[in-house]
Structure formats: structure tokens, C-alpha cells
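Quick notes on the structure that follows.
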Amino acid sequence: MQVLFGGTFDPVHNGHVVMAESLARAFPDATVHVIPNRQPPHRASQVSAEHRLAMLNMAMEGIPQITVNAIELGRDGPSYSVDTLRAFRAQFGSNESLVLCLGADAVRAVDQWYQPEMLVKLAHLCILNRANQTIEIPQVLGCYQPTDSVSDFSNQANGLLGRLATPDVPVSSTEVRALIAKQAPTLPVPLKIADYIGWHHLYQDTE
């Protein structure tokens, strides 16, 4: 089983680390691929892909089952999830269980994605649910078959939709950038990431 957890990671923060660790525990027999976007289709990253990848490698270092996968950094143009899933299918074959993990904001906007109707043919969908959070499933994902247990993902290659309760870590990359701009003394990121940001003077002009 291959679990895909993508994002801009601009910068990676404590919430991302906790989420990756939660996915590793939820899918003990899987490899969890943490995948930085090269060029997000719906937003602009604040620093280069090289800096974001370096910080991500540092943050995820030593966490069992976690691999930072730079597959999207080698492609030109916007980073589309469907293209990444097709590349995983080409690498792992049609019988491998692929699990695409999405948070609430991504699920709500999925009908604006590139070829969202193809997702069900390529992977399972795991919705990351924070406490007391209600997420309505867009119509474009209606072909997915709901399951009450993400453990069912291992029984077939794609087509199931499950929800995973995840820790509520109230932090976002936007908030981290704002704290850096205000020269806050501490940041909700791993210490080595805070040091890296300081050494390279990243996000200094963020408003």
C-alpha cells in the first residue's frame, strides 16, 4: 500500500509532522509518501521548491514509514494530483492499493481540480477529519464507495472513500509566515526548521 500526503509545505510545520505520524500509525503496512508541490495550481508558493524540499526532508527525517517523494518537482507546469497518481500506477502496477489523503479544504475544492473524475479510477480517498469537523462530499466524488474503516483500503486497489480522525493541531503555513514577518521569538515548527528559515532569511518580507 502506498499512501500519498501532498501539499505546498510553505513552510512545513508541526501540524504536518503530526499528520504524517498519524498516517504512519493508521496504515502500518504502508509507505507514506510526503509529496511537495512544485507549482500548486491554485496558489503561489512563497519560497523555492528547493528550500521547501530541504525543510521537508529535515522535518520528516527519522520518522518510520515516511519518505519525502519529490516526484512533482521533476515535472514542468502545475502539479496535478491525477498526474502524480498516474505516475504511481505506472511504478507500482494496477493491483497496488493507492491512498490519496486530503484535508477538508482540499475536499471542498476538489471539483475545481484537473480531471477530478479520474481520481476514483486511480486511488482510494482518505479524508482527514479533525475533531467536530463536518465535510460534505462534492458530487464529483460520488462514484467512490464509502467504507467505515480505512483498513478496507488494503483489500483492493482503488475506489473506496474513508475518513480518518486526525489530531487537531491549530497551525497553518499562512500563520507561520505571518509570525516570521512579525519576528516572533518562537514558531510552531520543528526547531531545525526554524533555524533553517533564519539561516536563509526566508519569508522575511511576508505581510
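Which members of region 135-154 meet the condition of being without any contact (Cβ under 8 Å) to a residue 24 or more places away in the chain and not in a helix (DSSP H, G or I)?
Taking region 135-154 as the starting set, the residues that turn out to be without any contact (Cβ under 8 Å) to a residue 24 or more places away in the chain are 142, 145-149, 151-152.
Across region 135-154, the qualifying residues are Gly142, Gln145, Pro146, Thr147, Asp148, Ser149.
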* To do: Please find, within region 155-196, the residue that is nearest to Leu119 (Cα to Cα) out of those that are surrounded by 14 or more Cβ atoms within 10 Å (Cβ to Cβ), touching a residue at least 40 places away in the same chain (Cβ under 8 Å) and out of contact with any His (no Cβ under 9 Å at 6 or more places or on another chain).
  => Leu164
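If you take the residues in region 56-69 that are out of contact with any Pro (no Cβ under 6 Å at 6 or more places or on another chain) and either over 18 Å from Ala30 (Cα atoms) or free of Cβ contacts under 8 Å to residues at least 12 places away in the same chain (or both), which one is surrounded by the fewest Cβ atoms within 10 Å (Cβ to Cβ)? First the steps, then the outcome.
First, pick out the residues of region 56-69 that are out of contact with any Pro (no Cβ under 6 Å at 6 or more places or on another chain): 57-58, 60-69.
Going one step further and asking which of them are either over 18 Å from Ala30 (Cα atoms) or free of Cβ contacts under 8 Å to residues at least 12 places away in the same chain (or both), we end up with 57-58, 61-62.
Values: Asn57: 15, Met58: 15, Glu61: 11, Gly62: 6.
Of everything passing the filter in region 56-69, Gly62 is surrounded by the fewest Cβ atoms within 10 Å (Cβ to Cβ).
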* Asked: For region 33-52, what are the residues that are modelled with pLDDT under 85 and not aliphatic (A, V, I, L, M)?
  -> Arg38, Gln39, Pro40, Pro41, His42, Arg43, Ser45, Gln46
* Return the pairs, sorted by first residue and then second, in which the second residue is hydroxyl-bearing (Ser, Thr, Tyr), the first residue lies in region 72-87 and is in a helix (DSSP H, G or I), the beta carbons are less than 7 Å apart, and the residues are 6+ apart or on different chains. => Glu72/Ser79; Glu72/Thr84; Val82/Tyr114
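Just a yes or no: is a residue in region 101-113 outside any helix (DSSP H, G or I) and more than 17 Å from the chain's Cα centre (by Cα)?
Let us first name the residues in region 101-113 that are outside any helix (DSSP H, G or I), namely 101-103, 109, 113.
If we keep only those that are more than 17 Å from the chain's Cα centre (by Cα) too, we end up with none.
No: zero hits.
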* Failed condition for Ala90, given (1) surrounded by 16 or more Cβ atoms within 10 Å (Cβ to Cβ); (2) at pLDDT 95 or above; (3) part of a helix (DSSP H, G or I) -> (1)
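Which of the residues spanning region 111-136 are β-branched (Val, Ile, Thr) and in contact with a strand residue (DSSP E or B) (Cβ under 7 Å, 6 or more places away or on another chain)?
Correct list: Ile127, Ile135.
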* Test each condition in (1) within 25 Å of Ser154 (Cβ to Cβ); (2) aliphatic (A, V, I, L, M); (3) under 12 Å from the mean Cα position of the chain (by Cα); (4) surrounded by 18 or more Cβ atoms within 10 Å (Cβ to Cβ) for Ala26 and report the one that comes out false. => (3)
* Determine which single condition Ser151 fails, assuming it passes every other condition in (1) within 20 Å of His16 (Cα to Cα); (2) at pLDDT 90 or above; (3) not β-branched (Val, Ile, Thr). => (1)
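Please verify whether Thr67 is in a helix (DSSP H, G or I) and of a type in the set (S, T, N, Q), treating the condition exactly as stated.
No, not satisfied.
The values are calculated or read from the model by the stated rules, or taken from the named source; none is laboratory data. All figures in this text were calculated on a predicted structure; none of them were measured in a lab. Cβ sites come from the backbone with ideal geometry, for glycine too, and all protein chains shown count toward neighbours.
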